[in-house]
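Everything on this sheet refers to the single structure shown next.
The values are calculated or read from the model by the stated rules, or taken from the named source; none is laboratory data. Note that the structure is predicted; figures quoted are calculated from it, not measured. Backbone-built Cβ (ideal geometry, glycine too); neighbour counts: all protein chains shown. All accessible areas refer to the heavy atoms of the entire protein, side chains included, with ligands and DNA or RNA removed. Shrake-Rupley method; radii C 1.70, N 1.55, O 1.52, S 1.80 Å.
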Amino acid sequence: LVENRETKIFLIDFGDTMERHAVIDHTTLECSLKFRHIPKFVDIKVLQELETELKSDESFSKDYEPGGKLRSDLVNFFNYFKVIRTLSLPFQQDKIEYFISLFMITFRQIQYPGLNQLYALKSAEILSEKIVSDLNL
C-alpha cells in the first residue's frame, strides 16, 4: 500500500492499477474474501444469514455487532467486512453507492466456476432487494 495523503492517491494492486472510483477497490476486496476464502462447504442458508447482516447500513460501523447467531468463523469474516466498509466511507457520498458497486462486482462473480457461484447468486439477490428498497423503486 502506497499512500500519499496530500493528493489522496492509494495504490493497492500494481498488477491492476488504473484510475477508478475507490469504492470499487473496497467492494472487489469484499467479494474476493466472500467468494474465494469463505469455505464452499458452508451451507447456503448460513451464508444468507451473513448477507442479511451485511445488508444493514450499520455494517459500516466498526461497533456494529451482528444480531443473528453467526458461526464464529463467519463472525471473523463479518469483522473484516466491517473494516473494509468503514475504510470506504470517505470515498462515498452515500452507502447506496457501496451497495450498488458491491452488487455489480458480486453479480459478475457468478460466471466464475472457481468461486462459490451459488453464494454469489444469493448475495446478488439480497443486494438487489436492498438497493430497490433503498431507492424506493
### Which numbered condition F103 misses (of (1) out of contact with any Phe, Trp or Tyr (no Cβ under 9 Å at 6 or more places or on another chain); (2) surrounded by fewer than 19 Cβ atoms within 10 Å (Cβ to Cβ); (3) in a helix (DSSP H, G or I); (4) not basic (K, R))
(2)
### Query
Do any residues in region 57-68 that are farther than 18 Å from D134 by Cα have Cβ atoms under 8 Å from those of residues that are open to solvent by 50 Å² or more (accessible area, probe 1.4 Å) and not acidic (D, E), where the two are at least six apart or on different chains, and which pairs are they?
K62/V83; G68/T52
### Query
Are there any pairs with C-beta distances below 7 angstrom linking a residue in region 123-137 that is touching a residue at least 60 places away in the same chain (Cβ under 8 Å) to a residue that is of a type in the set (F, W, Y), with the two at least 6 apart or on different chains, and if so which?
L127/F99; L127/F103; K130/F99
### Query
If you check E129 against the conditions, is it modelled with pLDDT of 95 or more and out of contact with any helix residue (DSSP H, G or I) (no Cβ under 6 Å at 6 or more places or on another chain)?
yes
### Wholly enclosed helices (runs of 4 or more DSSP H) of region 1-91 bearing at least 3 residues at pLDDT 90 or above and more than 19 Å from E125 (Cβ to Cβ)
22-32, 72-88
### Query
Taking region 109-127 only, how many residues are polar (S, T, N, Q), assigned to a loop (DSSP other than H, G, I, E, B) and either surrounded by 15 or more Cβ atoms within 10 Å (Cβ to Cβ) or within 15 Å of the chain's Cα centre (by Cα) (or both)?
1
### Task
Just need a number here: residues in region 55-84 that are among the basic types (K, R) and open to solvent by less than 60 Å² (accessible area, probe 1.4 Å).
1
